[in-house]
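Please treat every number below as a calculation from the coordinates, not as lab data. Being a predicted model, the structure only gives us computed values, none of them experimental. No Cβ is skipped: glycine too gets one built from the backbone with ideal geometry, and neighbour counts run over all protein chains shown.
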Amino acid sequence: MRTLASAFWSLRLSILSGLAIVALAACPKTASGVEEQTYAVRREQMIRTIEAQVHHLSSAIGRDHIDPRVLDVMGKIPRHEFVPEDFQQASYEDRPLPIGFGQTISQPLIVALMTDILNVDRTSVVLEVGTGSGYQAAVAAALARQVYTIEIIPELAHRAADRLHHLGYTNVALGLVTGILDGRTRAHLMGSLSLRPPLTSLHPYCNS
């Protein structure tokens, strides 16, 4: 009888240990879910800040609101995925953040204004000069039919391409401009970018 009871308690301890291991294994997923909820709240705060800023600056910027479609898109895109890990906690603040190589991701207000001015819809094809982090391309891609974006810094181009692919953007084609020879631009192409030289000029680009 004692042997049977001992076996029963051993079995019970094994089951409880197994449940504890499963619970521990599930903890990272729970933490991730909480983190995503935190970012979602910060995105909502970011949108409210943009709306307040636009209202405050309306006389200077010539508009008193941003297209709701733009704000809706920016309220869903995980901006924290477009900045270095050290700056992810600040990713929804209304300020530019460094992304390396002397470049920045523009503050949310500027991204919203630039996108609003573009006035794109599902029939639009957008060419962006200066991919940067890829955030502006992602915002435009959520509204347009196709986005073509080019970058001159290889590391930023590859990071942006990987990031956009990871996030599921299928209507963004990214090209790395590797040099200008005899006034003609030679591009190393990634994705489905189909630009052909010459590009008549390469203007100074804005970080995105």
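Among Arg63, Arg48, what is the fewest-to-most ranking by other Cβ atoms within 10 Å?
Arg48, Arg63
Take every Cα pair under 8 Å in the range 44-189 that's 6+ residues apart, average their separations, divide by the length, and report that relative contact order as a whole percent.
The normalised contact order for the range 44-189 reaches 17 percent.
What list of ³J(HN,Hα) values in whole Hz, one per residue of the range 117-133 in order, does the Karplus curve 6.51 cos²θ - 1.76 cosθ + 1.60 (θ = phi - 60°) give from phi, with Gly and Pro shown as x?
5, 4, 6, 8, 9, 5, 9, 7, 10, 10, 10, 10, 9, x, 5, x, 6
Nothing charged except the Cβ atoms of Lys and Arg (+1) and of Asp and Glu (-1): what's the magnitude of the dipole of the range 33-103 about its Cα centre? Round to the nearest 20 debye.
200 debye
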